[in-house]
Amino acid sequence: MHRSWQLLLSAIESHSKIGVTWGLTLGHMVQALSAVERESLRLDGIEVLQLSGSLGQGNPEIDGPQLAMRLADFLGGICRLVPAPALVDSVEMRDMLMRQPQVAMALSRAAHPDIVIQGIGCLEPTLCSLQRAGYMSDAEREAAIAAGAVGHLFARMIDAHGNEVGGYSQRVIGIGLDSIRRARLSIGISASPAKVPAILAALRARFFNTIVIDEASAREVLQMAAAANDAIGPTGLEKSA
């Protein structure tokens, strides 16, 4: 994922607001920055925004707060964290937490990023970050698939066209997907062909205007798009004439 950090650094300007989530691929990108000479960066007023709550379980090195703090430290900026879990047990609990002043303020700031860089989640049992972190059971994963989900963006389940589906997303504490669509630069990163259906769904919905993926995934995305008569253009996917 070396190209993802190169792309990120080339796009950052002083006073940029950069939104991040969590994940192994994003963790690799942040780790790669440790080899970069930070003295060459001359940036002021950088804010790194956590776009959703924390997983809080599993590997803390790839959780949202750790990644946001490490990126902010590298860029010489400040970090804005969401003081809440990524998911809770009920819609009522989510609503209660999102009304808390500290959480509401953090999410209000996070809703307007200039740049977003995030991984793409899939629902394969061995690769599902939500299941690894204990936030999703087999039954919940199967229910999401039955509802039409092909993957997720920071725990928000999306179908093949990028529409949120199922009830799982209603328990997420984080910004809405429209916020990443509105960002000046919205980068999706992935290194697994298992995530191709979710990548294609995110492109169809224009959640990302830039993707950094491995060659095998790129070939499969193009094949799936061609089979569905989708044309990949500079602004995402469109139906071919």
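With the simple model of a label 7 Å out from the Cα in the direction of the Cβ, Ser90 to Ala228 spans 3.6 nm.
Rolling a 1.4 Å probe across the protein heavy atoms gives the chain an accessible surface of 45 Å² per residue. Scanning residues 5 or more positions from Ile211 or on other chains, those with amide H under 5 Å from its amide H are Gly188, with H placed 1.01 Å from N in the peptide plane.
How would you classify the range 98-241 from its alpha-carbon gyration tensor, with a ≥ b ≥ c the square roots of the eigenvalues: rounded for a/c under 1.5, else prolate if a/b is greater than b/c, otherwise oblate? Verdict is oblate for the range 98-241. First check a/c for the range 45-142, with a ≥ b ≥ c the square roots of the eigenvalues of its C-alpha gyration tensor; if it is under 1.5, answer rounded, and if not, answer prolate when a/b is larger than b/c or oblate otherwise. Here the range 45-142 falls in the oblate category.
Pairs of Cα atoms nearer than 8 Å and 6+ residues apart set the relative contact order; for the range 143-211 it is 34 percent. Around the Cα centre of the range 1-143, unit charges on the Cβ atoms of Lys, Arg, Asp and Glu (plus for the first two, minus for the last two) sum to a dipole of about 260 debye.
Averaged over residues, the count of other Cβ atoms within 10 Å places the peptides 124-137, 162-175 in the sequence 162-175, 124-137, highest first.
With a simple spin-label model that places each label point 7 Å from the Cα along the Cα-to-Cβ direction, the separation between Gln66 and Ala32 comes to 1.9 nm.
Judged by the mean number of other Cβ atoms found within 10 Å, the most tightly packed of the peptides 13-20, 96-103 leads the ranking 13-20, 96-103. Between the C-alpha center of the range 196-224 and that of the range 121-177 there is a gap of 17 Å.
One decimal place: the segment Asp214-Asp178 gains 10.4 nm when fully extended, by the rule 0.36 nm per residue minus the C-alpha distance. Residue-wise HN-Hα couplings along the range 79-94, as the Karplus relation 6.51 cos²θ - 1.76 cosθ + 1.60 with θ = phi - 60° gives them from phi, are 10, 10, 9, 9, x, 6, x, 5, 9, 10, 6, 8, 5, 4, 5, 4 Hz; Gly and Pro carry x. Per atom type, the chain shows carbon and sulfur on 53% of its accessible surface, probed at 1.4 Å. Model label sites at Glu140 and His112, defined 7 Å from Cα along the beta-carbon direction, differ in position by 3.3 nm. By its C-alpha gyration tensor, with a ≥ b ≥ c as the square roots of the eigenvalues, how is the chain shaped: rounded for a/c under 1.5, else prolate for a/b larger than b/c, else oblate? It comes out oblate by the Cα gyration axes. Averaged over residues, the count of other Cβ atoms within 10 Å places the peptides 111-122, 25-36 in the sequence 111-122, 25-36, highest first.
Per-residue SASA remark: Leu8, around 0 Å² accessible (1.4 Å probe; ligands, DNA and RNA not included).
The values are calculated or read from the model by the stated rules, or taken from the named source; none is laboratory data. Being a predicted model, the structure only gives us computed values, none of them experimental. Heads up, the Cβs are rebuilt from the backbone with ideal geometry, glycines too, and the neighbour counts pull from every protein chain shown. Just the protein is used for accessible areas: all its heavy atoms, side chains included, with ligands, DNA and RNA removed. Shrake-Rupley method; radii C 1.70, N 1.55, O 1.52, S 1.80 Å.
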